[in-house]
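The values are calculated or read from the model by the stated rules, or taken from the named source; none is laboratory data. Small disclaimer: the values here were computed from a predicted structure and weren't measured. Ideal geometry is used to build each Cβ from the backbone, glycine not excepted, and the neighbour counts take in all protein chains shown.
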Amino acid sequence: MASTDVVTQLTTAPGAGGRWARIAGGGVLYGAASTMLAAAWYALLRALGAEGVPASGSLTIYSVSQFGKYLPGSVLQYLGRHAMLRARGVSHRLLVLCALLEAAMLVGAALIWAAPLAVHYVPIDALMVRAVVLSGLVVAGWLLQRHASALGGGIAVSPRWLLAAFVLHLAFFGAMGLTFGLVAGDDIVHASGWPTLLAGVAASWIAGFLVVGAPAGVGVREAVFLALFGALLGEQATLISVSAFRLATFGGDLLVFLLALPFAAAARGSRGAA
């Protein structure tokens, strides 16, 4: 019954046209946010000393491969970018470490945004959560730099590029939260407040990321958001908002994928001609 109501609200209910306009705008905004992830990936490659991969090539590879997260298993995005960058001469060891760093930074950035919700579950406040997360990332970065030579694979750590990657990850979650606010509408934003809303979006992302095998966290993120905000916003309003948000994020990822495809084809053609 609830799913039928959601479909009705998105299709034939009064105001459906305006909601779809917000979904379209949210898709564009989320697509722009996705390019931050691609830029962060390039920053991580540079942070670990990868050579021979220009920024344009890295951005294209990430943007094309990232759409693989919607396929069963949710691992093809990692396998795709790994294979394409190996073909450009980047070492296997460096790429594996880059993927692990990306995962750690994404979860860390999401925890910083989600920190306001911590007081409901653990006896520490948001400031303490953020301090612990940042301290952990700084210590991990220091250990990585200190022992980089022992890792081999041409790895040489640059703290400046690591910081750039983390800032981009933080910006991504901010933009993701803004996307949700845009598609959900002013009533939802006013009812929850921006800090809580941004925290909920980040927390739902963490859940979807950690549940292995869920394509792009489908179902998991929606369930978490419903658990967090269903009582506050109402079940139907929450379901409509998370459904609109899912449509916007899928549309944004698809937009970035389609825009990147011609560049990927041109790169393959130039390498083939060489």
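Brief remarks on what is shown
- Hey, L197 free of Cβ contacts under 8 Å to residues at least 40 places away in the same chain, touching a Gly at 6+ places or on another chain (Cβ under 9 Å), closer than 20 Å to R19 by Cβ and surrounded by 17 or more Cβ atoms within 10 Å (Cβ to Cβ) or not: yes
- Members of the stretch 232-265 found to be in contact with a Leu (Cβ under 8 Å, 6 or more places away or on another chain) and over 24 Å from W194 (Cβ atoms), listed by number: A260
- Number of positions in the stretch 92-106 that are within 14 Å of G152 (Cβ to Cβ) and surrounded by 18 or more Cβ atoms within 10 Å (Cβ to Cβ): 3
- Here L97, L76, L71 are screened, and the one residue that is of a type in the set (A, V, I, L, M) and in contact with a Ser or Thr (Cβ under 8 Å, 6 or more places away or on another chain) is L76.
- For the stretch 197-230, residues that are modelled with pLDDT under 80 and either among the basic types (K, R) or part of a helix (DSSP H, G or I) (or both) total 3.
- Which listed residue is surrounded by 13 or more Cβ atoms within 10 Å (Cβ to Cβ), in contact with a Leu (Cβ under 8 Å, 6 or more places away or on another chain), at negative phi and not aromatic (F, W, Y), from L163, L168, L134: L168
- Some residue of the stretch 204-221 being crowded, with 17+ Cβ neighbours inside 10 Å, of a type in the set (D, E, K, R) and either within 14 Å of the chain's Cα centre (by Cα) or closer than 22 Å to V28 by Cβ (or both): yes
- Flag for Q9 being in a helix (DSSP H, G or I), at pLDDT below 90 and surrounded by 19 or more Cβ atoms within 10 Å (Cβ to Cβ): yes
- Looking only at the stretch 120-131, and only at residues there that are in contact with a helix residue (DSSP H, G or I) (Cβ under 7 Å, 6 or more places away or on another chain) and aliphatic (A, V, I, L, M), the one that is surrounded by the fewest Cβ atoms within 10 Å (Cβ to Cβ): I124
- Scope the stretch 39-75; condition in a loop (DSSP other than H, G, I, E, B), buried (at least 19 other Cβ atoms within 10 Å of the Cβ) and within 17 Å of the chain's Cα centre (by Cα); matching residues: S74
- Just one residue in the set G108, G141 is out of contact with any Cys (no Cβ under 9 Å at 6 or more places or on another chain), within 13 Å of L48 (Cα to Cα) and not hydrophobic (A, V, I, L, M, F, W, C); that residue is G141.
- L76 within 16 Å of V183 (Cβ to Cβ), modelled with pLDDT under 90 and among the hydrophobic types (A, V, I, L, M, F, W, C): no
- Number of the condition not met by A164 [criteria: (1) of a type in the set (A, V, I, L, M); (2) over 27 Å from E222 (Cα atoms); (3) over 18 Å from the mean Cα position of the chain (by Cα)]: (3)
- Residue count, the stretch 139-160 (criterion: surrounded by fewer than 14 Cβ atoms within 10 Å (Cβ to Cβ) and β-branched (V, I, T)): 1
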